[in-house]
Amino acid sequence: MAEIVEAPVGGEEATSAQTRLPFESADSLLVVRDLVVHFHTDFGVVKAVDGVSYSVNAGETLAIVGESGSGKSVNASAVLGLVPPPGKVHRGEIIFQGQDMLKLDDQRLREIRGNRIGMVFQDPLTSLNPVFSVGAQVSEAVQIHEGLARKDARERATELLSIVGIPRSRERFDDYPHQFSGGMRQRVMIAMAIAMKPALLIADEPTTALDVTVQAQILDLLGSLQQEFGMAMILITHDLGMVADQADTVAVMYAGSIVEYGTVDDIYYRPLMPYTLGLMASVARMDQARSGRLRPIRGQPPSLIFRPPGCPFHPRCDYAREVCWQEQPELLEYDQQHLAACHFAGNLPEPIRKDEP
Ligand code: SF4
């Protein structure tokens, strides 16, 4: 088993990078600096998150986009103080409303998770308890966090179910999760997440398990609740197409690092590096007539134990040149608040592999 060498959290290394991040402002609700999360396994050290920095402003949405295994969900778990063992935060700062989350004890973290940060996960069926009615589960969340009496909690839970679009919420209060469709179960999870009107909602692949029509409804619901409650949101997804209407800023993750970061318009209309281009080519876009078929990115994401040398995307990149497997590109600002980690960002050479006809 690999030896654990831990750098101090919030120590000298973490605090040395105090330059202002892109999009960071006096209004920033969450600032994550140089976050490193490793999992020490019998096979080696999985570098799930490797020096990630970003900020989220009050009321805005940051989309974190990447294929599975890119580190986007582990990054969210770290913000919530929920990195599963054997994972460990090795370095970094997670400043939420002025407090470093990595320095808080478990009780304080639980309070913040319930009251100021809400969470919605991919699979509501595994998040809901099958032996309790949906109403009882929402009531319990309300009772724990608002300290309401049982009868008042039931009223509040019914109201929340109605807010998230459960029809006949009073009648359906005593139904069990299996009596709800996937979309309705996700609405129940959202009701619990917004019960305390959190300042930040983290939605981790909230629509992946749902069919396309329901996906759009859930995204619309999240957008309207965000407006109503003035929440900020971190929307984690593998689908770049999903974020176009929702996000203000987008961070593209690959192999544990952010490889492109900018406004949604920059990422969508002016992508700088080939991985983002690949993500764009692999999703349907409503704003463009598409004649050809969608093109998935060839190959597989790399192992997070044995990352390729140089640019970790080089084995899959159609534009890779010698420098790409020799030197790892830094995440640099190419345009105002538009960053990319690519030796040829914004100035790509001829592709070596052309599109198939
Ligand atoms: Fe491709 Fe090279 Fe840019 Fe990496 S640095 S994305 S391999 S062109």
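Each value in this text was obtained by applying a stated rule to the coordinates, not by laboratory testing. Values in this document were obtained by computation on a predicted structure and should not be read as measured data. Every residue, glycine as well, gets a Cβ built from its backbone with ideal geometry; the counts of neighbours run over all protein chains shown.
If you build a Gaussian network model of the chain, linking Cα atoms that sit under 10 Å apart, which residue out of D34, D220, D204 swings the most?
Among D34, D220, D204, the largest mean-square fluctuation in the Gaussian network model of the chain belongs to D220.
Under the rule of -39500 (n - 2.57) per DSSP H run of 4 or more residues, summed and divided by the residues of the chain, what mean residue ellipticity at 222 nm is obtained, to the nearest 500 deg cm²/dmol?
Computed ellipticity for the chain at 222 nm equals -8500 deg cm²/dmol.
Just how large is the dipole of the chain about the Cα centre, in debye to the nearest 20, putting +1 at every Lys and Arg Cβ and -1 at every Asp and Glu Cβ?
Result for the chain is approximately 760 debye, rounded to the nearest 20.
In debye, nearest 20: dipole of region 123-195 around its Cα centre with unit charges on the Cβ of K, R (+) and D, E (-)?
Dipole of region 123-195, to the nearest 20 debye: 120 debye.
Going from the alpha-carbon gyration tensor of region 226-275, what semi-axes, largest first and in whole Å, does one get by taking the root of 5 times each eigenvalue?
Taking √(5λ) for each eigenvalue gives 21, 13, 9 Å, largest first.
Run the Debye formula on the Cα coordinates of region 15-88, all scatterers equal and no solvent, and tell me log10 I(q)/I(0) at q = 0.22 1/Å.
-1.06
May I ask you to derive the relative contact order of the chain, considering only C-alpha pairs under 8 Å and at least 6 residues apart, and to give it as an integer percent?
18 percent
Along the principal axes of its C-alpha atoms, what lengths does region 20-157 span, in descending order and rounded to whole Å?
48, 42, 29
If you average the sequence gap of Cα pairs under 8 Å that are 6 or more apart and divide by the length of region 193-274, what percent do you get for the contact order?
Result for region 193-274 is 24 percent.
Roughly speaking, what is the stretch gain from D123 to F306, that is 0.36 nm per residue apart minus the C-alpha to C-alpha distance, in nm to one decimal?
62.9 nm
Could you compute Rg(Cα) / (2.2 N^0.38 Å) for region 123-195, with N its residue count?
So region 123-195 has a normalised radius of gyration of 0.96.
Could you count how many Lys pairs in the chain have their Cα atoms under 21 Å apart, skipping same-chain pairs fewer than 8 positions apart?
Lysine pairs meeting both conditions in the chain amount to 5.
Using only the alpha carbons of the chain, determine the length spanned along each of the three principal axes and report them from longest to shortest in whole angstroms.
Projected onto the principal axes, the Cα atoms of the chain cover 68, 53, 42 Å.
Work from the charge dipole of region 123-195 (Cβ charges, +1 for Lys and Arg, -1 for Asp and Glu, about the Cα centre) and give the residue of S127, Q143, V188 farthest towards its positive end.
V188
Output the DSSP H helices from the chain with an along-axis C-alpha extent of no less than 20 Å and a mean Kyte-Doolittle hydropathy no less than -0.5.
Within the chain the helices that satisfy the rule are 212-229.
Rounded to two decimal places and with Rh computed the Kirkwood way over Cα pairs, what is Rg over Rh for region 166-212?
Using Cα coordinates only, the ratio equals 0.99.
Using Stokes-Einstein with the Kirkwood hydrodynamic radius over Cα pairs, what translational diffusion coefficient do you get for region 148-290 at 20 °C and a viscosity of 1.002 mPa s, in µm²/s rounded to a whole number?
127 µm²/s
May I ask for the net charge around T237, where only other residues with Cβ less than 10 Å from the Cβ of T237 are counted and Lys, Arg are +1 while Asp, Glu are -1?
Net of charged neighbours comes to -2.
Could you work out the relative contact order of region 223-333, using alpha carbon pairs under 8 angstrom and six or more residues apart, expressed as a whole percent?
That works out to 19 percent.
Work out, step by step, the length gained on full extension between T41 and S68: first 0.36 nm times the residue separation, then minus their alpha carbon distance; give nm to one decimal.
Extra length available between T41 and S68 comes to 7.8 nm.
Using only the alpha-carbon atoms of region 78-217 as identical scatterers, what base-10 log of I(q)/I(0) does the Debye formula give at q = 0.17 Å⁻¹?
Reported log10 I(q)/I(0), two decimals: -0.96.
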